[in-house]
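**Student:** If you scroll down you'll find the structure; I have some questions about it.
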Amino acid sequence: MEGPHEPAGRHPQHAWWKVMCLTGVDYFSTLGYQPGIALIAAGALSPFATLVLVLLTLFGALPMYRRVAEESPHGDGSISMLESLLSRWKGKMFVLVLLGFVATSFIITITLSAADATAHIIENPYVAENLHFLDHRIIVTLILIGILGIVFLRGFNEVIGLAVVIVAVFLTLNLITIAVGIYQILFVQPEVIANWQTNIWEHPSVEGSLIYLAIGSLLVFPKLALGLSGFETGVVVMPLVKSDEPMPKTNGRAVHLSSLGSEPPSADVEKHIGGRIRNGKKLLTGAAVIMSFYLIGSSIITTMLVPYSEIQEGGKAYGRAISYLAHDYIGPAFGTVYDISTITILWFAGASAMAGLLNIVPRYLPRYGMAPDWARATRPLVFVFTAICFVVTILFQARVNAQGGAYATGVLMLMTSAAVAVTISARRKGQKRWLAFLAITIVFSYTTIVNMIAQPSGIQIASLFILGIIVTSFISRALRTTEVRIDDIEFDEAALLGPHHRLAAALWQTDWCSS
């Protein structure tokens, strides 16, 4: 198992846009289910609520995580920032709580992605007509998760080149579908615009008022928070981002020591890390801008073209709104290609989440002395996480929309903690920007609280993870107090001055060795 501070240069570094595709496996894959969840949650208000989400992404989450990239260029992320900003046990307890939400986010990423991949499999027309044995949502989802666990047991290396191909194909297919949908709205079925306007003004939250329209969009957008995932992953993978400044002559050792705080960085190291930070910011900005475009485009076409009855559970568009449009307006061949691409990127999103879990747990708990030794190893953790994913899938019956609240809770809590960390850091450095970060913190806090109230399943699952982490951590910590940590005693001269001291020392050492 690779340690949390792996020496720089062991893995090859890549151009920022290639690493963006690696994070996009998680971030962009939400297009597989986000538009449908948004339509169910907001109805005709979906495009306006999505616009609020996009504004929060570009002017809230993006500036915040660009600051995290500055503070944490070695891939430690916002959790490590909070740990260093708070006092010892306050920081550790806060990290333990956050780990519960991290586990919620990553576990639900695996189960939700597998469930949506299953939806794209069993709702595909060819499968529905010819492969009836696959029409078992829970079983197929469990098989996909099981395959993921088996792959990690045998060893899994994320290949950035493969991620680039997967993301490029997926985004291209979505772009074609969105373009065809916009063409249908403007030139083939322009009446859907008038129908949409009527549905807006007759919406119970609007009642014909522009003010109520704005308020309704603000109130409902927290349910769309799945579209904010991916930023934390973006800063965690920063060590893979190639700097635009040359590596110091020490061939990475100085960079590694600077990440540990072992020695102050030299001018060459600072220059090299500065190049990595600049490219890391390009990664975050590029991903946010691309995703914003796709969120708005997909929201428009699904709201106007997908029948509301089909988006409900049991409908053909349930969990696969864009795929439904691809089949309906472009044809079954293109739709099947789209389904295969979506299934692939969703499976890789689960793999990315599993890799994140396998990195997070050994990074913190063993270092705190709050985990057994096997928690440092990959295979036992894979068994544990896979079993948890099985349980969560069965409890939610592999339903996509039912897991959206839990996923959003984990994502929003991580982003709120990042906002708090950035605000504290800016305030301590005397920067006026801390007021802007404070405003962002308030917005994310509101979004998190509203989401927890509207969809309590997320906080319930997170609470179980938090309780489990804290209880097992303290049990492990208590058991470690019974371990013998000294296997030899060397007495100094003061302990061996007189005969009675020598006799007592000899008797004590004999008794120690015999015990």
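**Student:** Mind checking whether some residue in the stretch 39-61 is more than 30 Å from Met304 (Cα to Cα) and more than 20 Å from the chain's Cα centre (by Cα)?
**Tutor:** Looking for residues that are more than 30 Å from Met304 (Cα to Cα) and more than 20 Å from the chain's Cα centre (by Cα), one finds none in the stretch 39-61, hence no.
**Student:** Wholly within the stretch 119-198, which helices (runs of 4 or more DSSP H) include no fewer than the required count, namely at least 1 residues that are of a type in the set (Lys, Arg) and without any contact (Cβ under 8 Å) to a residue 60 or more places away in the chain? Steps first, please.
**Tutor:** On the way: elements: 125-130, 137-154, 160-183.
Hits in the stretch 119-198: 137-154.
**Student:** Looking at the stretch 286-335 only, could you name the residues that are in a loop (DSSP other than H, G, I, E, B) and either open to solvent by 50 Å² or more (accessible area, probe 1.4 Å) or in contact with a His (Cβ under 9 Å, 6 or more places away or on another chain) (or both)?
**Tutor:** Pro307, Gln312, Glu313, Gly314, Lys316, Gly319, Arg320, Ile330, listed by residue number.
**Student:** Looking at (1) more than 22 Å from Ser476 (Cα to Cα); (2) in contact (Cβ under 8 Å) with a residue 60 or more places away in the chain; (3) open to solvent by 10 Å² or more (accessible area, probe 1.4 Å), which is the one condition that is false for Ser84?
**Tutor:** Just one mismatch for Ser84, condition (2).
**Student:** Within the bounds of the stretch 449-462, is there any residue that is of a type outside the set (Asp, Glu), touching a residue at least 40 places away in the same chain (Cβ under 8 Å), touching a Pro at 6+ places or on another chain (Cβ under 6 Å) and surrounded by fewer than 19 Cβ atoms within 10 Å (Cβ to Cβ)?
**Tutor:** Within the stretch 449-462 (the criterion being of a type outside the set (Asp, Glu), touching a residue at least 40 places away in the same chain (Cβ under 8 Å), touching a Pro at 6+ places or on another chain (Cβ under 6 Å) and surrounded by fewer than 19 Cβ atoms within 10 Å (Cβ to Cβ)), the answer is yes, since at least one residue qualifies.
**Student:** Another question, if that's okay. Can you confirm whether Val140 is open to solvent by less than 40 Å² (accessible area, probe 1.4 Å) and in contact with a Gly (Cβ under 8 Å, 6 or more places away or on another chain)?
**Tutor:** No; evaluated as a whole, the condition is false for this residue.
**Student:** Still on this model: If you take just the helices (runs of 4 or more DSSP H) that sit entirely in the stretch 364-480, which of them hold at least 3 residues that are at pLDDT below 80 and out of contact with any helix residue (DSSP H, G or I) (no Cβ under 9 Å at 6 or more places or on another chain)? Step through it out loud before you land on a result.
**Tutor:** Numbers: elements: 378-396, 400-428, 434-454, 457-480.
Qualifying helices (runs of 4 or more DSSP H): 457-480.
**Student:** Does Pro12 qualify as being surrounded by fewer than 22 Cβ atoms within 10 Å (Cβ to Cβ) and outside any helix (DSSP H, G or I)?
**Tutor:** yes
**Student:** For the stretch 416-447, name all the residues that are under 24 Å from Leu219 (Cβ atoms), among the β-branched types (Val, Ile, Thr) and touching a residue at least 60 places away in the same chain (Cβ under 8 Å).
**Tutor:** Hits for the stretch 416-447 are Val420, Ile440, Val443, Thr447.
**Student:** Kindly provide the set of residues from the stretch 179-203 that are open to solvent by 70 Å² or more (accessible area, probe 1.4 Å) and in contact with a Pro (Cβ under 9 Å, 6 or more places away or on another chain), ordered by number.
**Tutor:** Correct list: empty.
**Student:** If you check Ile176, Ile215, Ile147, Ile211, which single one turns out to be at pLDDT 80 or above, open to solvent by 20 Å² or more (accessible area, probe 1.4 Å) and within 25 Å of the chain's Cα centre (by Cα)? Spell out the reasoning first.
**Tutor:** Values: Ile176 fails: within 25 Å of the chain's Cα centre (by Cα); Ile215 fails: within 25 Å of the chain's Cα centre (by Cα); Ile211 fails: within 25 Å of the chain's Cα centre (by Cα).
The unique qualifying residue is Ile147.
**Student:** Turning to a different aspect of this structure: If you take the residues in the stretch 232-246 that are in a helix (DSSP H, G or I), open to solvent by 10 Å² or more (accessible area, probe 1.4 Å) and in contact with a helix residue (DSSP H, G or I) (Cβ under 7 Å, 6 or more places away or on another chain), which one is nearest to Asp268 (Cα to Cα)?
**Tutor:** The residue in question is Leu240.
**Student:** Oh, and also: Leu22 fails exactly one of the following numbered conditions: (1) within 16 Å of the chain's Cα centre (by Cα); (2) under 25 Å from Ala436 (Cβ atoms); (3) at pLDDT below 90; (4) crowded, with 22+ Cβ neighbours inside 10 Å. What is the number of that condition?
**Tutor:** Exception for Leu22: condition (2).
**Student:** Given the criteria under 23 Å from Ile290 (Cα atoms) and polar (S, T, N, Q), does Ser46 qualify? Walk me through how you get there before you give the answer.
**Tutor:** Working: under 23 Å from Ile290 (Cα atoms): yes; polar (S, T, N, Q): yes.
For Ser46, the condition - under 23 Å from Ile290 (Cα atoms) and polar (S, T, N, Q) - is met.
The values are calculated or read from the model by the stated rules, or taken from the named source; none is laboratory data. A quick note: this is a predicted structure, and the numbers were derived from the prediction, not measured. We place every Cβ from the backbone using ideal geometry, glycine too, and count neighbours over all the protein chains shown. Remember, those area values only see protein heavy atoms, side chains included, never the ligands or the DNA or RNA. Shrake-Rupley method; radii C 1.70, N 1.55, O 1.52, S 1.80 Å.
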